[in-house]
Amino acid sequence: MARSVTPRRKLINTTVAWAIGLLIFFPILWTILTSFKSEAEAIAAPPIFLGFDWTLENYRIVMERSDYGRFLWNSIIIAGLSTVLGCIIAVPAAWSMAFVPSKRTKDILLWMLSTKMLPAVGVLYPIYLIFIELGLLDSRAGLVVVLMLINLPIIVWMLYTYFKEIPGEILEAARMDGATLRQELIYVLTPMAVPGIASTLLLNFILAWNEAFWTLNLTAVNAAPLTAFIASYSSPEGLFFAKLSAASTMAIAPILILGWFSQKQLVRGLTFGAVK
Amino acid sequence: MATKASRSAARIMMAPAVILLLGWMLVPLIMTLWFSFRVYLPLRGGDQGWAGFDNYTRFVSSSSFWPAVQTTLIIVLGVLAITVIFGILIALLLDQPIWGQGVVRILVIAPFFVMPTVSALVWKNMFMDPVNGLFAHLWRFFGAEPVSWLSDASMGSIIMIVSWQWLPFATLILLTAVQSLDSEQLEAAEMDGAPWLKRFWFIVLPHLSRAITIVILIQTIFLLAIFAEIFVTTGGAFGTRTLSYLIFQRVLESQNVGLGSAGGVYAIILANIIAIFLMRIVGKNLD
């Protein structure tokens with residue numbers, strides 16, 4: 001509904017919008033700035049905004065002290081594998097629902113969505129018990145499976161809405177020309193579906209990266225990803241603002257950058273196609 | 001268009017996803033139901049037989065139940081009110097022609113990508129710390145006594161942190177909805193001399209109603225389950241123990257699985273009631 005307005009009005013709107021945007025972004029900006037200060041400057045009163053001695057010392061200390069690399073690697077493995085695995089399982093399902101719909105397709109889609117609504121805390125102990133029985137507690141494999149399962153409904157839904165937009169006639173034409181189901185899938189559908197699949201991978205990687213219920217409750221040392229790494233700073237002895245900021249910046253930077261690329265897909269992925 | 005062969009192929013392709021989700025839903029659900037009827041204390045004698053509905057009545061009659069319900073409601077309603085109201089205002093503003101719109105959009109959306117443990121810790125220490133936090137500096141600058149936010153204003157602080165995380169979500173969805181509004185209708189109303197508030201109330205708000213409903217439903221489901229924000233800030237102290245946090249404590253901290261499972265069943269029922277409304281809206285959109 002964008003309309004033309006007077007330059008004066010546009011100037012006012014711009015000022016207010018930028019003020020609000022910066023206010024909302026400020027905690028992130030402040031964290032990034034603090035990560036380059038010394039501990040003394042980080043708690044200086046009055047606070048120093050830019051006029052401090054920029055240093056990378058905090059990053060060096062955090063990486064040395066806490067084995068940051070292992071947490072980062074766990075996050076990448078867990079978020080990455082759970083997303084890829086989810087896509088491998090979801091692509092055929094979404095494909096068949098989009099192109100060979102039956103009377104029950106809608107019910108199946110809605111039922112899948114409903115599994116996403118199951119409160120995690122309600123099934124915490126059973127999962128905990130199953131993990132102990134199978135020796136999966138504090139293992140990356142266990143978390144990959146759990147995160148894959150909690151995001152599977154969203155992956156199926158996103159892919160379904162993307163596949164729905166591919167015209168069915170093209171597939172029919174391919175079938176007329178004698179393409180087998182496998183050929184149809186590999187040579188016709190896949191090239192057209194790649195952008196949708198990429199967006200789905202991206203958004204779900206972000207969701208898995210930030211997941212903080214199962215990653216906190218099912219890991220201890222070996223499989224702990226960055227969410228748990230940061231949570232370990234909540235103890236009072238970890239209260240060093242500059243180091244906390246450096247650790248936080250490292251945990252959120254990769255995802256902030258990926259997130260900015262995915263903002264268009266966000267609405268589709270999180271409202272299940274109900275808002276366009 | 002679909003042949004018999006492609007139908008059975010479709011079924012096979014759907015099978016892995018359906019079977020996995022079915023297992024993921026049913027196995028833990030049945031186990032939780034089972035435990036909820038047992039006296040089950042893993043560290044104090046294990047499974048000690050049937051409890052009937054004892055766990056259910058005990059969970060509800062415990063002195064921490066109603067405060068937890070109240071806390072949950074205040075957090076959910078507080079965050080919903082803040083995110084929806086400010087979400088609408090910011091969406092309307094971002095829809096106007098402004099310079100640097102793309103950058104402002106990115107700034108507003110950013111908090112959504114911050115992992116919950118980071119945002120909780122950053123707010124807790126760097127902003128709300130009563131000695132070195134930025135708010136404490138600000139308060140002292142204006143000659144006021146710094147507030148120890150997370151103990152003296154714990155609920156307000158948690159609502160603030162969670163709202164900051166969810167405002168981008170509400171804004172983004174409402175902005176998408178605002179952009180699909182037909183501007184001719186608004187211009188016609190403007191020419192007829194309808195004041196700004198009336199145009200907003202009779203044209204913009206009805207157009208947004210569906211998006212607002214979806215924001216409320218989806219956020220409610222996620223807000224009922226917030227965990228990390230409480231886990232790293234107050235640990236459930238200072239009156240911030242929500243229903244999910246209470247269940248978490250019963251199951252993992254006091255290791256009373258029977259009691260916690262009964263609480264879990266309540267939580268599942270509650271979430272399902274809300275989910276039904278969401279499904280209706282999403283389902284309508286599928287046809």
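Cα centroids of the range B:1-79 and the range B:195-251: 22 Å apart.
Quick check: the distance between the Cα centres of the range A:27-53 and the range B:109-126, to the nearest angstrom? So the separation of the two Cα centres works out to 17 Å.
Mean partner shielding of peptide A:86-95, defined as the number of other chain Cβ atoms within 10 Å of each residue Cβ, is 4.
The sum of -39500 (n - 2.57) across all DSSP H runs of n ≥ 4, divided by the residue count of chain B, sets its helix-only mean residue ellipticity at 222 nm to -22500 deg cm²/dmol. The angle between the Cα long axis of helix A:57-66 and the longest principal axis of the Cα atoms of chain A comes to about 60 degrees, rounded to the nearest 10. In order along the range B:235-246, phi translates into HN-Hα couplings of x, x, 7, 6, x, 10, 7, 7, 4, 5, 5, 4 Hz, rounded to whole numbers, per the Karplus curve 6.51 cos²θ - 1.76 cosθ + 1.60 with θ = phi - 60° and x for Gly and Pro.
For each of B:Thr32, A:Thr200, count neighbouring Cβ atoms within 10 Å of the residue's Cβ, then give the residues from fewest to most.
B:Thr32, A:Thr200
Once you reduce the range A:161-224 and the range A:78-108 to the center of their Cα atoms, the two points are 8 Å from each other. Given springs between every Cα pair under 10 Å in a Gaussian network model of chain B, which of B:Val27, B:Val79, B:Val232 has the largest fluctuation? Largest GNM mean-square fluctuation: B:Val27. Mean-square fluctuations from a GNM of chain A, with a 10 angstrom spring cutoff on Cα atoms, peak among A:Ala173, A:Ala90, A:Ala208 at A:Ala173.
Treating each Cα of the range A:7-58 as one equal point scatterer and applying the Debye formula with no solvent, the log10 of I(q)/I(0) at q = 0.18, 0.23, 0.26 Å⁻¹ comes out as -0.65, -0.82, -0.94.
For the range B:9-51, the list of trypsin sites (Lys or Arg not before Pro) that fall in a loop by DSSP and count at most 15 other C-beta atoms within 10 angstrom reads B:Arg44. Residues A:Val275, B:Val118, B:Val104, B:Val131, arranged from fewest to most other Cβ atoms within 10 angstrom of their Cβ, appear as B:Val131, A:Val275, B:Val104, B:Val118.
Shape class of chain A from the alpha-carbon gyration tensor: oblate, with a/c at 1.5 or above and b/c at least as large as a/b. Look at the alpha carbon pairs under 8 Å that are at least 6 residues apart: their mean separation over the length of the range A:1-127 gives a relative contact order of 12 percent.
State the three equivalent ellipsoid semi-axes of the range B:1-98, derived from the C-alpha gyration tensor as the square roots of 5 times its eigenvalues, in descending order and whole Å.
Calculated on Cα positions only, the semi-axes equal 39, 36, 10 Å.
Remark: spin-label model distance B:Thr57-A:Trp18 equals 6.7 nm, labels positioned 7 Å along the Cα→Cβ axis.
Amide hydrogen proximity for B:Val147: with H placed 1.01 Å from N in the peptide plane, no residue at 5 or more positions away or on another chain lies under 5 Å.
From helices alone, chain A scores -23000 deg cm²/dmol at 222 nm; the rule is -39500 (n - 2.57) for each run of n ≥ 4 DSSP H residues, then divide by the residue total. In summary, the lysines within cross-link reach of B:Lys124, defined as a Cα separation below 25 angstrom excluding same-chain residues under 8 places away, comprise A:Lys37, A:Lys243.
5 Å is the cut-off here: which amide hydrogens, built 1.01 Å from N in the peptide plane, fall below it relative to B:Arg38, excluding neighbours closer than 5 in sequence? For B:Arg38, the qualifying residues are B:Ala51. Peptides A:44-51, B:223-230 ordered by packing proxy, namely the average of other Cβ atoms within 10 Å per residue, highest first: B:223-230, A:44-51. For the range A:103-114, what does the Karplus curve 6.51 cos²θ - 1.76 cosθ + 1.60, with θ = phi - 60°, yield as ³J(HN,Hα) per residue in whole Hz, taken in order and with x for Gly and Pro? In residue order, the calculated couplings are 4, 8, 3, 4, 5, 5, 4, 5, 5, 4, 4, 5 Hz.
Between 0 and 90 degrees, the angle of helix A:68-99 with respect to the longest Cα principal axis of chain A falls at about 20 degrees. Look at the alpha carbon pairs under 8 Å that are at least 6 residues apart: their mean separation over the length of chain A gives a relative contact order of 30 percent.
When the Cα atoms of the protein assembly as shown are aligned to their principal axes, the ranges along those axes come out at 78, 76, 47 Å in descending order. Helices meeting the span-like rule in chain B (full DSSP H runs, Cα extent of at least 30 Å along the helix axis, mean Kyte-Doolittle score of -0.5 or higher): B:4-36, B:65-95, B:154-179, B:257-286.
Using the Karplus relation 6.51 cos²θ - 1.76 cosθ + 1.60 with θ = phi - 60°, the per-residue 3J(HN,Hα) values for the range A:156-171 come to 4, 4, 4, 4, 4, 5, 5, 4, 4, 7, 7, x, x, 4, 4, 5 Hz, with x marking Gly and Pro.
Computed from the coordinates by the stated procedures, all read-outs in this text should not be read as laboratory data. Keep in mind it's a predicted model, so treat the numbers as computed, not measured. Methodologically, a virtual Cβ is constructed for each residue, glycine included, from the backbone with ideal geometry; neighbour enumeration extends over all protein chains shown.
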